[in-house]
1. For the chain, what is the calculated [θ] at 222 nm in deg cm²/dmol (nearest 500), taking -39500 (n - 2.57) for each run of four or more DSSP H residues and dividing by its residue count?
2. Given C-alpha coordinates of the range 39-106, what is the ratio Rg to Rh with the Kirkwood estimate of Rh?
3. If you roll a 1.4 angstrom probe over the protein chains with everything in place, what fraction of the accessible area of the chain belongs to carbon and sulfur, to the nearest %?
4. Work out the charge dipole of the chain with +1 on the Cβ of Lys and Arg and -1 on the Cβ of Asp and Glu about the Cα centre, then indicate which of 122, 28, 106 is farthest towards its positive end.
5. So how do 143-151, 70-78, 57-65 stack up, highest first, on mean other-Cβ count within 10 Å?
6. Give me the accessible area of residue 110, 1.4 Å probe, in Å² rounded to the nearest 10.
7. In whole Hz, with x marking every Gly and Pro, tabulate ³J(HN,Hα) for the range 134-141 from phi via Karplus 6.51 cos²θ - 1.76 cosθ + 1.60, θ = phi - 60°.
Amino acid sequence: MEEKDILRRAASYCAYQERSHSEVRQKLRSMGAPGSMTERIITQLITDDFLNEERFARAFARGKNLLKKWGRIRIREELRQHGVSDANIRLGLSEIDENTYLSRFAILCETKWETLHGLDKMIRQKKCADFLIYKGYESDLVYSELKRISLLPS
C-alpha cells in the first residue's frame, strides 16, 4: 500500500473518533507501514489536526466518567497506558466537574449497595468497596460514602 493511501485510511480512522498516538501507531503497524513512514504519517495527522493528544485526553476522561462511570484513578491509569503525557492527563481530568463526579459516585455507590442486599453488613461493605475501587474511585471517598450508606436504615 502506498503512503498516501495509508495516510488517507489513518485520517479516516482518526476522524471517526478521538485516538491516542499509540492507537494510531498500532493501526499503522497493522496496515504494514514501516517505522519511518509511521512517524511521517503521524506528523501529518497532527499537522492536519486529525490527531491531538489533549483533545483525546479530554474526550477520553469525559466519556469514561459519563458512560462507564469510571473514577479519576482508573481514568488516569488508562490514559497513562495510552502514552498520554502527565500534563494532558491533568487537562483531561479537569473535564470532570467535581459536583457531577461526586453525585454520580454517590448514585453508583447506592446502586451497588442495593444490589448486595441480604448479605452480612461487613461482606456487603467489602464487596461494594472492592467494586468502587476497581472502578477507580479514591479509597477515602469510597470508605466515607460506605460509612454514610451503611448507617442508613434498610
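The values are calculated or read from the model by the stated rules, or taken from the named source; none is laboratory data. All values reported here derive from a predicted model rather than from experimental measurement. A quick note on method: Cβ atoms are made from the backbone with ideal geometry, for glycine too, and the neighbour counts reach across all protein chains shown. These accessible areas exclude ligands, DNA and RNA; they are computed on the full protein's heavy atoms, side chains included. Shrake-Rupley method; radii C 1.70, N 1.55, O 1.52, S 1.80 Å.
1. -23500 deg cm²/dmol
2. With Rg and the Kirkwood Rh in hand, the quotient comes to 1.06.
3. The value for the chain is 53 percent carbon and sulfur by accessible area.
4. 122
5. Top to bottom by mean Cβ count within 10 Å: 57-65, 70-78, 143-151.
6. Approximately 80 Å² of residue 110 is accessible to the 1.4 Å probe.
7. In residue order, the calculated couplings are 4, 5, x, 8, 5, 4, 5, 5 Hz.
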